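Working notes, structure below.
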Amino acid sequence: MMMRRFFKFQIRVFAVLSYLSLCACVGPTTPFGAIEAWQDSSKKEASPLKPNETFGPRIEFYPDRQVLHGKSEFSVDIIDYFPVKDKPQLTIFYNGIDVTKQFMGEAKRKSSPNGKRVRFTFDDVRLKTLDPNKIEVRYKNFKGKVAEAGYLPPQCSLFENRKIASIRDFDEADTYVELIEEVARDSNFNPSFLVGIVAQESAFDPKAVSWAKAIGLTQITPLAEKEIIQSFEKWPRYPGINSLSYLTLRSKIGVGEIDQQKEWRLDPKKSIQGGAAYIDYLKAYWALPNNRKLVESLPGNKDYNLSEIILASYNSGAYRVKKSIIEREDQWKTHPKLREAIRYVRKVSSYCYHYSKKEEVKYDSET
């Protein structure tokens, strides 16, 4: 009996020591891999970026801004007046942590024929949608000339006119591009903004139903529907639809008992028009004098600020967003009640930005 207890004690001690050893070896996790604890404890913090040398090397990224709606490749291009060395002096920081070892250990290298442009590609990078992704890259050539660049997040404005260029990831997306562009043109909105909303809300499924009983391509909720239908009184509404449970509603839509002839939110064009009408409603709400003062009090680009506020309102409700701005001012996006809304804003902005850009031509040119 004593021997058995002794062995059990040894097993427990071994398990604890193994756990502590594992904790001691693994540091923070980044999109480029985990950092060893010893590396983290002696990490070299990134110093502030400086302007690039006028006649020196430069750094470019592909995609040119962060992708926040899913996994993607992440490429760093070095462009120099001299051939880039086999082992270049390249340093990459993620939120102040040196991740050069992790990045270079997995990245694939590709050079132009003259060796003056080199691309390092890291596959399947998934960046965080809520916390910051501060990515900085530094390169020094053999002449001592330095290039520095920060990888910026995507931006999307409701008020730009960014033509939809290429929709990836969704098989049915092309079916609705013409409709989205037509509605955006009539509403004087950025079509890529609407594409971002549809991609995030329904993944281009016209019969999508959420637990909150939001329906269709633009996922109009019962609450939003009450505002929208005032401008479209002749659109069909299924009697008592908002009183149905989620499971009953989904079942009736699935078997076709409720279809686009009986409920406007299931009609792709009306859903997109309704989504645009709700954006218009939110735009008018934030144009009210007191609300406009709140928006204008925020630092940065007014159009981008208002676009983010409208997106957050579309997801979480305008009153909750307004309350967050009153309470936290320029830090409103850090409010705990808006965590899901900020994820939503960043994903929609990412879809909007990247789907308005053409896919890159195969890289094989000389510099």
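Listed values, structure above:
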quantity: Charge tally in the Cβ shell below 11 Å around Thr129, where Lys, Arg are +1 and Asp, Glu are -1, Thr129 excluded; calculated: +4
quantity: In nm, spacing of pseudo-spin labels at Trp235 and Lys143 (7 Å Cα→C-beta vector); calculated: 6.1
quantity: Formal net charge of residues neighbouring Ala277 (Cβ-Cβ distance under 11 Å; K, R +1; D, E -1); calculated: -2
quantity: Scattering curve values for segment 274-353, log₁₀ I(q)/I(0), Debye with Cα scatterers, q = 0.21 Å⁻¹; calculated: -0.96
quantity: Equivalent ellipsoid, segment 125-180 (semi-axes from 5 times Cα gyration tensor eigenvalues, Å); calculated: 35, 15, 13
quantity: Most to least packed among 178-190, 342-354, 196-208 [average Cβ atoms within 10 Å]; calculated: 342-354, 196-208, 178-190
quantity: C-alpha center-to-center spacing [segment 252-293, segment 310-356] in angstrom; calculated: 19
quantity: Base-10 log of normalised Debye intensity for segment 58-151 (one unit scatterer per alpha-carbon) at q = 0.12, 0.15, 0.18, 0.23 Å⁻¹; calculated: -0.36, -0.56, -0.80, -1.28
quantity: Binned Cα-Cα distances of segment 174-354, short to long, each 10 Å bin given as a whole percent; calculated: 9, 37, 35, 16, 3, 0
quantity: Candidate lysines - alpha carbon under 16 Å from Lys163, same-chain residues fewer than 8 apart omitted; calculated: Lys357, Lys358
quantity: Shape box of segment 179-268 [Cα atoms, principal axes, largest first, Å]; calculated: 36, 27, 21
quantity: Segment 97-162 versus segment 202-243: alpha-carbon centroid distance in Å; calculated: 41
quantity: Inter-probe distance in nm under a simple model that places probes 7 Å from Cα toward Cβ, at Lys108 and Thr129; calculated: 2.7
quantity: Summed residue charge, Cβ within 13 Å of Gly256's Cβ, Lys/Arg positive, Asp/Glu negative; calculated: +1
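Only the coordinates and a few stated rules stand behind these numbers; no lab work does. Everything quoted here is computed from the prediction, not taken from an experiment. Cβ: placed from backbone, ideal geometry, glycine included. Neighbour counts: every protein chain shown.
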